[in-house]
1. Take the residues of the range 113-125 that are more than 16 Å from Val9 (Cβ to Cβ) and open to solvent by less than 50 Å² (accessible area, probe 1.4 Å): which is farthest from the chain's Cα centre (by Cα)?
2. Please list, ordered by first then second residue, the pairs with beta carbon atoms under 7 Å, 6 or more apart or interchain, first in the range 127-155 and more than 16 Å from Asp45 (Cα to Cα) and assigned to a helix (DSSP H, G or I), second charged (D, E, K, R) and modelled with pLDDT of 90 or more.
3. All but one of (1) modelled with pLDDT of 90 or more; (2) part of a helix (DSSP H, G or I); (3) touching a helix residue (DSSP H, G or I) at 6+ places or on another chain (Cβ under 9 Å); (4) open to solvent by less than 50 Å² (accessible area, probe 1.4 Å) hold for Arg108; which doesn't?
Amino acid sequence: MAIDAKAVVFVGLPEIAKIVGLTRTRIHEIADNADSALRVLGKNDAVIGGRPAWLLSPLLARLVAAGYEPRDAVVAALREKRSVPAGSIPVGIAEAAEILRTSVETTRSRVEAGTSAAVLFKFGRDRALDLNELVAKAAERGHSIDHQAAQKWRQINSGGTAKLGVVASVRLVCGTTDDDQDIALREAVRLLQSPELLNAALSTLGLRVVATTVESIEPLPI
């Protein structure tokens, strides 16, 4: 199958064992051997649900260099099931709970109810969520967010693709009548607090809004 250059795949030790035809016991032995792990697997690119995860493409190159023969059918199946847009920053339920300052149970229930970020892919018994969408959805619903925790996991799970953040101050000026003033103000706040709407406009520039904050809003003469 064709490989989408704009997609990435994250795999854990069980998937790596299947890729090279090893038992889970043997792949864990390799991972537990520091010298071997550094040579063959390399440093993990993310932590999902407390478990290490690697980006598939660079991992395959290291496996081949180490003399392993990846199973094409297994690799193709993983690309089919787990391809996510490049730049996705996956976090498991445990990491998401830390970011949302809530329990694992509450976070899991929000995911199951569809009131949190959508599931990117299954990671063993865990589910991976996109960190940016998680923060955006939480901000939209007024849920608590630990921005320090979010930044920590953004750095840990970026897979080496983390980008610097740009903080933009936007002054929104709208012409309206006195009768429509309250409606206009409410709609302006809704726009500024809806990253999905802003992302649609900014996507052509390769930009993505992680979070927004409305510091003040007031009517001004035009």
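1. Of the range 113-125, the ones more than 16 Å from Val9 (Cβ to Cβ) are 113-118, 125.
After this cut, where a residue has to be open to solvent by less than 50 Å² (accessible area, probe 1.4 Å) as well, the list is 115-117.
Working: Thr115: 16, Ser116: 13, Ala117: 9 Å.
So the residue we want is Thr115.
2. Ala149/Glu98
3. (4)
The values are calculated or read from the model by the stated rules, or taken from the named source; none is laboratory data. A quick note: this is a predicted structure, and the numbers were derived from the prediction, not measured. Every residue, glycine among them, receives a Cβ derived from its backbone with ideal geometry; neighbour counts consider all protein chains shown. Calculation scope for accessible area: heavy atoms of the full protein, side chains included, ligands and nucleic acids excluded. Shrake-Rupley method; radii C 1.70, N 1.55, O 1.52, S 1.80 Å.
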